[in-house]
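Okay, so here's the structure we're looking at.
What follows draws every value from the coordinates through simple rules; no lab data is involved. This one's a predicted model, so the numbers in the text were calculated from it and none came from an experiment.
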Amino acid sequence: MATTTTRLTAAWTFTSSPSDSAPPAPLHGPLPSEADPRPARPPAGRRTTIPLSLQGPAATHLKSLTVKVSYDAGRTWSPAPVTTTHGKRTLTLTHPEDARSVSLASTLTDTTGNTYAVTILKAYLLT
């Protein structure tokens with residue numbers, strides 16, 4: 001991702017109170033899973049399934065997760081449904097024939113109302 005991404009933005013929203021202990025780790029994810037079978041540059045015009053991994057409190061206390069995809073470096077976005085089967089989340093995309101890169105935007109909320117939003121322009125390239 002580091003060699004292709006042109007912009008990554010992230011925002012966390014959470015409540016906290018003064019205390020002597022360290023604050024909880026912020027929400028993380030979704031990230032491609034370590035078990036991601038995709039080639040480094042999947043082909044355009046084909047269906048690709050990306051296993052997702054959630055980290056931090058959202059891994060066990062997820063309330064909602066939305067993902068959007070863009071094939072024009074973030075100028076336009078479309079919903080990208082996340083599927084959960086046997087507790088494992090995946091994102092399945094069918095890349096247009098003329099697409100050269102994939103940008104992703106996601107927002108997740110945990111059960112206590114903390115949110116995390118991330119946008120990755122040119123998250124990965126296509127062949």
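Using a Cα-Cα cut-off of under 20 Å, which lysines could be cross-linked to K88, ignoring same-chain neighbours fewer than 8 residues away?
Straight-distance partners of K88: K63, K68.
Does the range 86-127 classify as rounded, prolate or oblate by the C-alpha gyration tensor (a ≥ b ≥ c root eigenvalues; a/c under 1.5 gives rounded; else a/b over b/c gives prolate, otherwise oblate)? Please report the intermediate quantities before stating the final value.
On the way: a/c = 4.04, a/b = 1.85, b/c = 2.19.
Because a/c hits 1.5 or more and a/b fails to exceed b/c, the range 86-127 counts as oblate.
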